[in-house]
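Right, one structure below, let's go through it.
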Amino acid sequence: MWFKSCRMTFACLNRMKSYRYPWTRPYSTSGTTVDSSEVKTFLALAHRWWDEQGVYAPLHSMNDLRVPFIRDNLLKTVANHQPGKPLSGMKILDVGCGGGLLTEPLGRLGASVIGIDPVDENIKTAQRHKSFDPVLDKRIEYRACSLEEIVEETAETFDAVVASEVVEHVIDLETFVQCCFQVLKPSGSLFITTINKTQLSYALGIVFAEQIAGIVPKGTHTWEKFVSPEKLESILESNGLSVQTVAGMLYNPFSGYWHWSENTSLNYAAYAVKSGVQEHQVPAEFVLKEEAEELQATASTNPAVHEELKK
């Protein structure tokens, strides 16, 4: 009986040491996820976003996959929707929106979308393009800022956050994910598309795409910032986001089209849901307090536990 009691006590102790509850620790906006060198790269290309045959042609084509991916998964979260405007009533944050290539299609589906980007010239391009469509002009708002700058004012505001071809450019992925968690409503959806960190992604994504074929400008990507699906899933799960789907994406540079694939060694898409916090749940800090008091009581009569607590 004594050994069983000790095992339970040590298990409780270990749980206290490793306990994580991201929804109770607001992120401080003193840091940044924005890489200044990345800003300079995209600043030079800000005027080219809407050239469908130019350097952003693969992103235009990617809409054939990512728009239905976002739409269909969001529709699973609602009972009814309006024909022609299936995302009506939803608030979406498009992080790293660039010139609005993905923001506009989401707005056309009826969503109210805020697109943010740290490059001011990107936002100017996006603003100018949406102004040609009076409907989009009402549904879409653009801001020149980083995600962490709006965390406090938009806490638990959005039904969905989209970060498409963005996480491979940030300097602190975990902080970025924590910010996404903060601005999502409970049970809100996070959509990410990015590039896997493999030898193949280096050979094709950087050497071939940037240096040989010129599909994207040189210096657009840094292989060290690429992230594997396994690492991304680990970061998401440890920060209160439950991964629902991971799917591979392949681009054919000759046809200019994307298609879904079981192979995630190059590009992939991920869909995660924010863990809902029920109103009747006991706050984590109270749970830990009760466990601590129980351990102290046990330690007073059990030398082995007392020594473990001192570690």
Q.
What distance in nm lies between label points placed 7 Å from Cα along the C-beta direction at N80 and K185?
A. 1.7 nm
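So, R0 is 22 Å and r is the distance between the beta-carbons of F132 and A155; what FRET efficiency does that work out to, to 0.05?
My answer for the efficiency is 0.10.
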Q. So who's got an amide H within less than 5 Å of the one on N267, skipping anything under 5 residues away but keeping other chains? H placed 1.01 Å off N, in plane.
A. N196, M249
Q | Global form of the range 36-275, assessed from the alpha-carbon gyration tensor, a/c cut-off 1.5 | A | rounded
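Here are some pairs, K197/K274; K138/K231; K91/K197; which of them have Cα atoms lying more than 30 Å apart in this structure? Mind dumping the intermediate values first?
On the way: K197/K274 25 Å; K138/K231 38 Å; K91/K197 32 Å.
From the list (K197/K274; K138/K231; K91/K197), the Cα-Cα distance tops 30 Å for K138/K231; K91/K197.
Please work out the average accessible area per residue across the range 36-275, using the 1.4 Å probe convention, and give it in Å².
On the way: 10410 Å² over 240 residues.
With the other protein chains kept in place, the range 36-275 gives 43 Å² per residue.
The values are calculated or read from the model by the stated rules, or taken from the named source; none is laboratory data. The structure displayed is predicted, hence computed values, not measured ones. With ideal geometry, Cβ positions are generated from the backbone for all residues, glycine too; neighbour counts draw on all protein chains shown. Heads up: the accessible areas ignore ligands, DNA and RNA and are worked out on the full protein's heavy atoms, side chains in. Shrake-Rupley method; radii C 1.70, N 1.55, O 1.52, S 1.80 Å.
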